[in-house]
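Quick notes on the structure that follows.
The values are calculated or read from the model by the stated rules, or taken from the named source; none is laboratory data. These numbers come from a predicted model, not from an experiment. Every residue, glycine as well, gets a Cβ built from its backbone with ideal geometry; the counts of neighbours run over all protein chains shown. Note: accessible area is taken over every heavy atom of the protein model, side chains too, but ligands, DNA and RNA are not part of it. Shrake-Rupley method; radii C 1.70, N 1.55, O 1.52, S 1.80 Å.
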Amino acid sequence: MHLVPLAVDQPIWDRFFIVAPLVIIGSKEPDGTYDLAPKHMAIPLGWQNYYGFVCSPRHATYRNIRREMQFTVSFPRPTDVVTSSLAASPRCDDDTKPALTLLGQQRATTVDGVLVDDCYLYLECRLHSVMDGFGANSLIVGEVIAASADEASLRMEDRDEGEQVFNSPLLVYVSPGRYAALRETTRFPFPRGFSR
């Protein structure tokens, strides 16, 4: 292996590949309609029910969540990568995203929002905090106040976890600009006595 120093006077993230989940964030627009936007810089925050993602204050998603204090998170399947792509469609001159009408949607159960049809996991979040100042971006953190999952995606003791992931693969964003269906997994070799 030969290590190459990377200059850090510019963002480094497009210089190599990294893996992240790909989710679709739902938020309510000022006119009462709903926006959907894909995000890959997204992650559970700690072991409790908090979920965060990176967003720019220039985006309607940021402004909508700041105003409405709530949002939804839909976790699409690998077969729904086109759905995720449509959610990234740019806005028209009238500030609408007509491509969103092509996406199947359902009302959230607890927050005022929508969820994308046929996803394997849904989170409904109340805004916990927004941390600005990550360059041009911010971290939006929500407290999960409702969640639901496709039964086939739930971990159960009587199922082999490797087989379960193989049968219900996960959509992974391989940044920059690629995706994968994650099917093959192996149990992590935690040392004896390890606890979180």
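Quick one: in region 8-25, which of the residues that are in a loop (DSSP other than H, G, I, E, B) and among the β-branched types (Val, Ile, Thr) is farthest from VAL81 (Cα to Cα)?
VAL8
Wholly within region 57-165, which strands (runs of 3 or more DSSP E) include no fewer than the required count, namely at least 1 residues that are within 21 Å of ALA181 (Cβ to Cβ)?
70-75, 114-116, 121-134, 137-149
Does ASP35 count as exposed (fewer than 15 other Cβ atoms within 10 Å of the Cβ), closer than 25 Å to ASP132 by Cα and either charged (D, E, K, R) or out of contact with any Ser or Thr (no Cβ under 9 Å at 6 or more places or on another chain) (or both)?
Judged against the criteria, ASP35 is not a match.
Between residues in region 142-162 that are surrounded by 13 or more Cβ atoms within 10 Å (Cβ to Cβ) and residues that are of a type in the set (S, T, N, Q), which pairs lie under 6 Å by C-beta distance while being six or more apart or on different chains?
Pairs that qualify, where the first residue is surrounded by 13 or more Cβ atoms within 10 Å (Cβ to Cβ) and the partner is of a type in the set (S, T, N, Q), are VAL144/ASN49; ILE145/THR110; ALA146/THR109; ALA146/THR110; SER153/SER168; GLY162/THR185.
If I filter region 163-180 down to residues being open to solvent by less than 60 Å² (accessible area, probe 1.4 Å), in contact with a strand residue (DSSP E or B) (Cβ under 7 Å, 6 or more places away or on another chain) and not β-branched (Val, Ile, Thr), which single residue comes out as farthest from ASP80 (Cα to Cα)?
The residue in question is SER175.
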